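Starting off with a structure, shown below.
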Amino acid sequence: MVEKYKKLRGYDNRGQVFDAIDFVYRKVNKDYLDSALDIFSVYNKKNFKSLGIVDTKLAPEYGKDFLKHEKHIISYPYEWSVDMFKDAALLQLDLFIELDKYGFTLKDAVPANIVFKHTKPIFVDFLSILKKDSLINEKWLFEGLKTKERDLRFAVFEKMLIPFFLVPLFLIKRKKIKLAREMLFNRACNALGSSAPDFKDLLDGGGIREKMSNAFEVFIYKFNFYKYKKQGFVSFCKFLKSYIKKMDMGYSNSDYTSYYVSKKEYFDFSDSSDWKEKQKSVYSVIKFDQPDTVLDLGANTGWFSELACRNGANVIATDIDEASVNFLYKYAKSKKLNILPIVLSFQDLLKSKQGIDSLDCQEKLFMEPVKRIKSDLVLALALVHHLVLGQGLSIESIFKVLSQATKKTLILEYVGWDDELIKKEPTFFKNLNKFTKETYNLNLFVKEGKKYFKNIELLESHPETRTLLVFRR
Ligand SMILES: C[S@@+](CC[C@H](N)C(=O)[O-])C[C@H]1O[C@@H](n2cnc3c(N)ncnc32)[C@H](O)[C@@H]1O
């Protein structure tokens, strides 16, 4: 019965996961069922959900070998803002510390086992929870290990936490965010044809340790110190946790983080009297449509994301500007807003990656963003002139992607040739000379949009050189 649902990626020899639209079901293999039910009973009794482990129930509607998990939007580590990555690492360490109190631990420690429920990291790989003394049965943990660990959880750290969490974290700390993102994408655990990151990735090209600080040396020293200490594992986790907690991840400012302030569009939400036509028009669509889900593309620090959220929507906010997305993450977290911010370029909305052994499952290691973040209402505000005149995308290719990301309504803001920004800063738009008034104009956007959407309505924006195009299915 459950087989009618799409099987999700999983490199798990203990069960299979199915995407049942509103929930995720997990079928547990017969030979692991008793252990899984034991773990589930402790999960329930000790309220492991409060530790940040995915909400899980039994699913007798399918059979006694099924678990039912709360479903979350999948975001991948290479899409998280820098402080999201830090918070995910802290959750991972907390889980090792807390589970230890009940005699449990985790057999994996990779960031891909975590997703975000808005701004809260959630650990979803339920079957990697196991009794501490069962780690001995995980044969792969011993492969290639030079010394036999006193506590096998250190081996989990060597094989998982260090390469997939700490190496990228230290790279981010060194302001090498691009490299860290590439690493998290191309060299993720189970990525096809890749080698796991390791310490050597923290050396520069010549093999010489970079200046910065000797943070990693301290880490290695502590790791080796605690590894041979009795009961050293939890102490090491606590050391690492306090160390990471203090890390300033950087990326707190960019030219774009003051966008709304410098445009004088940082309006109050509770008093709309100062709002311009743009804010009023977008608000009118949100009020009329009442979307459950909103995708704000090129969201910047998220004024429109917050507007949608305050009107009842769950919002995904994407941008390429590291500092803007991180700002929004910290802001939404402090205000408890239902916004999931991610670092994602428009150009990557269709990007995916194949994993190893993925033949047994319909999905890839990393699924296309459009499949994961498709929403009732999509906002592309003050974005497409950057995509076309700045980054050289065609109007056709933009609609191809937007139509896949939109369930019901799309609001696209057109910025015309006589707009101050385009007139004053033509050098900012690197592909400007490739376009003319014949190849970039409002009518072309209308015409292309009509191929995918039944209705179109034009609304006022601000300034007058801009127009809001509202497309509906
Ligand atoms: C002019 S601001 C618009 C902000 C917001 N949508 C609004 O209308 O108030 C454009 C935003 O798009 C982002 N951006 C530019 N090119 C992008 C791309 N290829 N993918 C995603 N975001 C992009 C910029 O970083 C910036 O934050």
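Could you go through the range 244-259 and let me know if any residue there is at pLDDT below 95, in a helix (DSSP H, G or I) and within 13 Å of the ligand (Cβ to nearest atom).
Scanning the range 244-259 turns up at least one residue that is at pLDDT below 95, in a helix (DSSP H, G or I) and within 13 Å of the ligand (Cβ to nearest atom).
Would you check which residues across the range 11-31 are open to solvent by less than 30 Å² (accessible area, probe 1.4 Å) and farther than 15 Å from ALA59 by Cα and list them?
ARG14
Hey, does the range 444-456 have a residue that's in a strand (DSSP E or B), at pLDDT 95 or above, open to solvent by 20 Å² or more (accessible area, probe 1.4 Å) and over 21 Å from THR318 (Cβ atoms)?
There is at least one residue in the range 444-456 that is in a strand (DSSP E or B), at pLDDT 95 or above, open to solvent by 20 Å² or more (accessible area, probe 1.4 Å) and over 21 Å from THR318 (Cβ atoms).
How many of the residues in the range 423-438 are part of a helix (DSSP H, G or I) and either in contact (Cβ under 8 Å) with a residue 40 or more places away in the chain or of a type in the set (Phe, Trp, Tyr) (or both)?
Number satisfying all stated conditions: 3.
Please state which of the following conditions GLU265 fails to meet, knowing it meets all the rest: (1) more than 13 Å from the ligand (Cβ to nearest atom); (2) acidic (Asp, Glu); (3) open to solvent by less than 20 Å² (accessible area, probe 1.4 Å).
(1)
Report yes if some residue within the range 94-101 is open to solvent by 30 Å² or more (accessible area, probe 1.4 Å), out of contact with any Cys (no Cβ under 9 Å at 6 or more places or on another chain) and outside the structural domain of VAL54 (by TED's automatic domain parsing); otherwise report no.
Scanning the range 94-101 turns up at least one residue that is open to solvent by 30 Å² or more (accessible area, probe 1.4 Å), out of contact with any Cys (no Cβ under 9 Å at 6 or more places or on another chain) and outside the structural domain of VAL54 (by TED's automatic domain parsing).
Moving to a separate point now. Just to confirm my filter: which strands (runs of 3 or more DSSP E) fall fully inside the range 61-155 and include at least 3 residues that are closer than 25 Å to ASN186 by Cα?
114-117, 120-123
Looking at the range 300-322 only, could you name the residues that are within 11 Å of the ligand (Cβ to nearest atom) and under 15 Å from the mean Cα position of the chain (by Cα)?
Scanning the range 300-322 gives ALA317, THR318, ASP319, ILE320, ASP321, GLU322.
Among the residues of the range 163-180, write down those that are within 20 Å of TYR221 (Cα to Cα), without any contact (Cβ under 8 Å) to a residue 40 or more places away in the chain and either part of a helix (DSSP H, G or I) or touching a Gly at 6+ places or on another chain (Cβ under 6 Å) (or both).
Answer for the range 163-180, where residues must be within 20 Å of TYR221 (Cα to Cα), without any contact (Cβ under 8 Å) to a residue 40 or more places away in the chain and either part of a helix (DSSP H, G or I) or touching a Gly at 6+ places or on another chain (Cβ under 6 Å) (or both): PRO163, VAL167, LEU171.
Condition test on LYS278, is it of a type outside the set (A, V, I, L, M), open to solvent by 60 Å² or more (accessible area, probe 1.4 Å) and either over 16 Å from the mean Cα position of the chain (by Cα) or more than 9 Å from the ligand (Cβ to nearest atom) (or both)?
no
The values are calculated or read from the model by the stated rules, or taken from the named source; none is laboratory data. Worth saying up front: this structure is predicted, and the values here are computed from it rather than measured. In this analysis, Cβ positions are derived from the backbone assuming ideal geometry, glycine residues included, and neighbour counts consider all displayed protein chains. Surface accessibility is based on the protein's heavy atoms, side chains included, excluding ligands, DNA and RNA. Shrake-Rupley method; radii C 1.70, N 1.55, O 1.52, S 1.80 Å.
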